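See below for the structure under consideration.
The values are calculated or read from the model by the stated rules, or taken from the named source; none is laboratory data. Only a predicted model underlies this, so the values are computations on that prediction, with no experimental measurement involved. Glycine also receives a Cβ, built like all others from the backbone with ideal geometry; neighbour counts cover every protein chain displayed. With ligands, DNA and RNA removed, areas are computed over all heavy atoms of the protein, side chains included. Shrake-Rupley method; radii C 1.70, N 1.55, O 1.52, S 1.80 Å.
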Amino acid sequence: MTDTRIETSRRIAASAADVFALLCDPHGHVAIDSSGMLQDCTGEPVTKAGDSFAIHMDRESLNDFPEMGRYDVTVTIRAFEQDRLISWTILGRVRPQIGHVYGYRLEPVEATDDEPEGTLVTSFYDWSDIAPEWREMDIFPVISEGALRGTLGILDRTVRRGYPRG
């Protein structure tokens with residue numbers, strides 16, 4: 001972790017294609033969220049940078065700004081490399097926009113004596129380019145490394161159990 005970025009990884013016994021399919025699906029984001037903020041979604045699975053979908057949020061789950069209550073954000077895909085990388089920014093109701101980036105890097109890994117082949121999934125959260133007004137508030141990171149690790153654990157379980165696709 002740096003002072004503006006968190007990364008954490010987990011080996012998952014699933015193909016990069018299966019993991020990536022879940023990460024492209026708005027319902028997949030809701031299904032694996034460990035923070036409790038992502039309540040529901042509207043939109044279709046993404047296929048390229050620039051695609052977007054809506055996430056229906058509940059900030060009371062973090063209890064940091066419970067007065068925000070329920071609200072919607074637009075997730076816009078920033079980087080998209082099939083089965084390798086997906087990242088996004090969030091457009092919300094606050095102005096100026098915050099400018100933080102979330103994403104996943106996927107790297108196929110070969111089987112070992114102890115583990116089957118699978119995918120090394122790295123979750124990242126980067127707030128290095130946030131608007132100065134937000135930097136001055138000194139509230140970042142909003143999501144902790146523990147929350148990212150928790151989401152990776154839920155991702156592992158969800159993909160291995162056979163995530164239902166729309």
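A few notes on this one:
- Criterion: under 21 Å from residue 17 (Cβ atoms), touching a residue at least 24 places away in the same chain (Cβ under 8 Å) and touching a helix residue (DSSP H, G or I) at 6+ places or on another chain (Cβ under 7 Å) - qualifying residue of 45, 96: 45
- Top-ranked residue of region 3-12 - restricted to ones that are out of contact with any Phe, Trp or Tyr (no Cβ under 6 Å at 6 or more places or on another chain) and touching a residue at least 60 places away in the same chain (Cβ under 8 Å), ranked as surrounded by the fewest Cβ atoms within 10 Å (Cβ to Cβ): 5
- Taken as a whole, the condition of being out of contact with any Lys or Arg (no Cβ under 7 Å at 6 or more places or on another chain), within 21 Å of residue 143 (Cα to Cα) and either surrounded by 15 or more Cβ atoms within 10 Å (Cβ to Cβ) or among the hydroxyl-bearing types (Ser, Thr, Tyr) (or both) does not apply to residue 15.
- Matching entry among 25, 64, 33, 83 (being touching a residue at least 40 places away in the same chain (Cβ under 8 Å) and surrounded by fewer than 14 Cβ atoms within 10 Å (Cβ to Cβ)): 64
- Here residue 146 clears all of (1) under 19 Å from the mean Cα position of the chain (by Cα); (2) open to solvent by 30 Å² or more (accessible area, probe 1.4 Å); (3) farther than 30 Å from residue 13 by Cβ except the condition numbered (3).
- Unmet criterion (only one of (1) over 21 Å from residue 28 (Cβ atoms); (2) at pLDDT 90 or above) for residue 123: (1)
- If the condition is being aliphatic (A, V, I, L, M), touching a strand residue (DSSP E or B) at 6+ places or on another chain (Cβ under 9 Å) and open to solvent by 40 Å² or more (accessible area, probe 1.4 Å), then region 110-143 contributes 111, 120.
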